[in-house]
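Working notes, beginning with the structure itself.
The values are calculated or read from the model by the stated rules, or taken from the named source; none is laboratory data. Keep in mind that what you see is a predicted model, and the values were worked out from it rather than measured. Cβ atoms come from the backbone with ideal geometry, glycine included; neighbour counts cover every protein chain shown.
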Amino acid sequence: MYTGILLYHGFSEYELSVLVSVLKQGKKPVVFIGLDHGLVSGEAGMPCYPQFSINQVDRSKLDSLVLPGVDDFEHLVEHDELKAFLKSLKEEDLLIGAISSAPYFLAMSGLLENKRYTTGLTREQRTFLATFDEDYYSDKPILVDGQIITARGSSYVDFAFQYGESLGLSFDRSWYGR
């Protein structure tokens with residue numbers, strides 16, 4: 001079983017930096033998944049080639065999924081394939097982590113239904129997007145509700161630690177000055 005990390009244009013590289021290291025220390029197999037099989041550039045311009053597309057990845061081998069934030073997600077707001085991919089995971093027993101703006105993707109696909117969450121998006125942004133239930137919003141930097149972990153982008157180190165702990169991985173926090 002492996003952790004899938006979704007990559008889309010503008011994804012936040014720094015939000016994944018510690019997480020990928022924690023997964024590596026914990027000997028957790030990882031696959032990088034794109035919306036298609038083409039080149040993806042992160043928000044800082046780092047080019048990445050996903051190993052699989054959302055249509056190619058073997059979902060039966062996924063036990064966890066990570067969605068990084070994205071600096072400008074207008075190109076993903078009406079992305080039907082992304083929405084369908086995430087919806088297809090709703091009944092699965094996957095650990096799903098979303099950081100910064102990425103909880104929007106969980107909200108748009110119904111994965112945040114009746115789940116407490118946090119996000120880096122402002123109240124105005126959440127209201128404009130019209131997919132979030134404000135009754136479940138928390139101002140905390142990181143929040144776990146069942147198999148869903150959400151966090152603000154600035155909490156990327158604690159997000160990585162929580163994700164690794166939720167997977168039962170062994171890793172050394174001192175590598176990250178903690």
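Conditions tested, residue by residue: (1) farther than 16 Å from Tyr163 by Cα; (2) of a type in the set (Lys, Arg); (3) surrounded by 14 or more Cβ atoms within 10 Å (Cβ to Cβ).
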residue: Asp93; (1), (2), (3): no, no, no
residue: Leu111; (1), (2), (3): yes, no, yes
residue: Asn114; (1), (2), (3): yes, no, no
residue: Arg123; (1), (2), (3): yes, yes, no
residue: Asp133; (1), (2), (3): yes, no, yes
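For the stretch 31-43, the condition of being closer than 28 Å to Arg173 by Cα, surrounded by fewer than 16 Cβ atoms within 10 Å (Cβ to Cβ) and over 14 Å from the mean Cα position of the chain (by Cα) holds for none of the residues.
Among the numbered conditions (1) in contact with a helix residue (DSSP H, G or I) (Cβ under 8 Å, 6 or more places away or on another chain); (2) modelled with pLDDT of 95 or more, the only one that Glu165 does not meet is (1).
Residues being assigned to a helix (DSSP H, G or I), of a type outside the set (Gly, Ala, Ser) and in contact with a Leu (Cβ under 6 Å, 6 or more places away or on another chain) are represented in the stretch 105-123 by at least one member.
Looking only at residues in the stretch 1-38 that are among the aromatic types (Phe, Trp, Tyr) and touching a helix residue (DSSP H, G or I) at 6+ places or on another chain (Cβ under 9 Å), the one that is nearest to Glu92 (Cα to Cα) is Tyr2. Against the list (1) more than 22 Å from Leu6 (Cα to Cα); (2) assigned to a helix (DSSP H, G or I), the condition Phe171 fails is (2).
Of all residues in the stretch 15-29, those satisfying the criterion of being on the phi < 0 side of the Ramachandran plot, surrounded by fewer than 16 Cβ atoms within 10 Å (Cβ to Cβ) and either in contact (Cβ under 8 Å) with a residue 24 or more places away in the chain or in a strand (DSSP E or B) (or both) are Ser17, Gln25, Pro29. From the set of residues in the stretch 80-120 that are in contact (Cβ under 8 Å) with a residue 24 or more places away in the chain and among the acidic types (Asp, Glu), which is nearest to Glu13 (Cα to Cα)? Among those that are in contact (Cβ under 8 Å) with a residue 24 or more places away in the chain and among the acidic types (Asp, Glu), it is Glu81.
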